[in-house]
Structure formats: C-alpha cells, structure tokens
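Novice: Take this structure, written in structure tokens, and hold onto it; I'll ask about it next.
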Amino acid sequence: MGLLRVMMPPKLQLLALLAFAVAMFFLENQIQKLEESRGKLERAIARHEVREIEQRHTQDSLRERDWSASSPSDNEDDLVIIYNRVPKTASTSFTNIAYDLCGKNHYHVLHINTTKNNPVMSIQDQVRFVKNVTEWKEMKPAFYHGHVSFLEFTRFGVKRKPIYINVIRDPIERLVSYYYFLRFGDDYRPGLRRRKQGDKKTFDECVSAVGSDCAPEKLWLQIPFFCGHYSECWNVGSQWALEQAKYNLVNEYMLVGVTEELEDFVMMLEAALPRFFRGATELYKTGKKSHLRKTSEKKPPTKESIAKLQQSSIWKMENDFYEFALEQFQFVRAHAVREKDGELYVLAQNFFYEKIYPKN
C-alpha cells in the first residue's frame, strides 16, 4: 500500500482513500444491520419460548383446576375457616349459605355453641378447641361458626392457622336490632320466647329514660370480638383494645365484610375460596335464605336518640373501628371487582409469569 501511495498521483491517492473509507462505512453498516437482525431474531425466539412455557403452564393449570374441581387436593382438604360471628350482623343469613353449600362443595359446618353464648373461653377450652380445629381430620375441610371472640392459634404452638373471616355492622344499627330482638324475636324462630319478651318500651323511650339496655356501654361488642381473649379487650372504652382489634382485622383476618354490603362480601369469598363458596353468590341472590333473619317490631330510632348515643366516647370508638373495617373492605373490593351496567363482576387473574428458567 505504501509503494502504491508513492507511485500514484495525489489525486488518485485521495480517490483511493475515499473509496476505502466508503467501503469500510458500507461494511460497518452491513455488520450493524446483521447485529440488529440477530438481536431481533433472538428476542423473537425468546418470546416464542416464553409463550410456549406460558401455554404449558396454562394447560397444566387448566388440567389441575379441572382435576381439583372433581377431586380436591390434600392441601384444600386441610382447610379450616373460622367465622367468629358478631350478634345481629346478618350472621344467620350468611351461615345458612355455608350450610346449603357444604354438601355440594364437600366440607363440614360446625356450630361453636358456648354456654350462655359466652364469647370468652376458659384456657382449658381454648386448648381443646385449638386441638380440635387442627387435628380433627375427619371434620376437614371445615367451616366453624359461633359467637366467640378471636383466638390467636400461634399462642398454642400451632404452625398452620385457620382462615378467619367476619362481618360487622354500623354499631347503632346493630344495637337497635339487638334491642328489639331481645323483646320480639325474629322471623327465623318466631315461637321462641326471648329474654325481654313483654317489654314494650321502644328504643327511643329507653334512650330517653337512660335505660341499661340502650346504654352506650352496650355498643362495646365488635371491638372485643376482634380484640380477643385478653382482659383489656373487655374493658369498655379501652384504647388498647381498639388498636388491637384493628391490628387483628388487617393481620389475622382474610376478609371482613359489612352487613350493608353482604352480597359483595359473598362474591369476594366465592372468588377467593371457591373450595367452600362455589355457587354462593347465585345462592345469595336467588335463595330463600339470603335475607333469612329479620328482627320483628323494629322501629328506627329518632335523630335525637342517635345524637345522644353519638355523644358517647364508646360510640366514637366503636364507630372508628367500623369505619376502619369499612374502608379496608372497600379497598379490597376495589382491587377485586369491577362494575358494568349496574352489576359487579369479579376480576380475572391479573398477573402471570415470564422469563422462566431453566428452560426444559
């Protein structure tokens, strides 16, 4: 090249350099295009492989789902749900849905009937109950329900805890319903004589007379039910109990609904736990037991009675807990369902897996 440069005139040398530069530019451009094409091909191959893996995963999932619908897995057969139902929160209506579905969905329903409906168990009964729930294999899968306050299973050395669910209600509406229930019963067992039967005094008259059955202290129920088996839970007006109840609600309960939106609660349970609640939404909408228990002779309280109760610090705490639960329920619902044409629909699975290695 050096000899040619000496022998060639300057103009030819310049042309030769230009030609060489153009050739190198063309060659680099072709190499770059080849690199880009190779990159596109590799990405296309990778996407194809991921799709194949996803398709295999989907097919396997469908086969597993079809199999589990007819033959539940051992893991599902070991499930236990505890519904420590708060009185007068539509708990009978919801529980009867569980009774109607247990035969079809192949699980057991057990009512926890404590003496005098005492929501606090003795320490020895706590041990017995935990042992039954965890070791009674003949009764699994199981749906336990009863007016019992929350019980922390890990305190007894249990590794696998049951799934807790519950429903709460506006505290004043719950108290009014309970007040008339004690006097007039309901349409579920109309012939049963209630503890306050014969007392014709209305709730408003009770509030006006500062009666004990409508006192603010009677509002203190939903907080201790969620707080649990600690003495402080049952100290009326305890701030510690309120905070513990909130903690348990978000950390120990899978889902807590509200009476006023019970259908949405049922729908979300069916989506999350179909092993127990498959068919529950349709049953709630069309079944005769969806609104099973209505308190008889119930009269709505006046604004004056409500305002008087709302002056109490106990109402403020119970209402704080109710609004906390309502906000949490609405948050969970917003991420679980969508509304279309006035109807709610459960969202389909909204996550998937990709870049799965090693490749088979």
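Novice: Based on Cα positions only, what radius of gyration and what Dmax would you give for segment 308-349, in angstroms?
Specialist: Rg and Dmax of segment 308-349, Cα atoms, are 15.7, 48 Å.
Novice: Can you list the residues, at least 5 places off or on another chain, whose amide H is less than 5 Å from the amide H of I356, using H built in the peptide plane?
Specialist: Residues meeting the criterion, in which the H sits 1.01 Å from N, do not exist here.
Novice: When the dipole is taken about the Cα centre of segment 221-360, and only Lys, Arg (+1) and Asp, Glu (-1) are charged at their Cβ, what size is it in debye, to the nearest 20?
Specialist: Details: 18 positive and 19 negative charges, 93 e Å.
Charge dipole, segment 221-360, about its Cα centre: 440 debye, nearest 20.
Novice: In whole Hz, with x marking every Gly and Pro, tabulate ³J(HN,Hα) for segment 207-218 from phi via Karplus 6.51 cos²θ - 1.76 cosθ + 1.60, θ = phi - 60°.
Specialist: Residue by residue, segment 207-218 yields 5, 4, 8, 6, x, 6, 6, 10, 5, x, 4, 6 Hz.
Novice: Right, here's the next one. Within 10 Å, count the other beta carbons around each residue, average over each peptide in 104-113, 343-352, 227-236, and list them highest first.
Specialist: Numbers: 104-113: 15.3, 343-352: 9.0, 227-236: 18.0.
For the peptides 104-113, 343-352, 227-236, the packing ranking is 227-236, 104-113, 343-352.
Novice: Next question. Calculate I(q)/I(0) for segment 212-337 by the Debye formula, one identical point scatterer on each C-alpha and no solvent, and give its log10 at q = 0.09, 0.10, 0.13, 0.15 Å⁻¹ to two decimals.
Specialist: -0.34, -0.42, -0.69, -0.89
Coordinate-derived values only; no laboratory data. Note that the structure is predicted; figures quoted are calculated from it, not measured. All Cβ positions, even for glycine, are placed from backbone atoms using ideal geometry, and neighbour counts span all protein chains on display.
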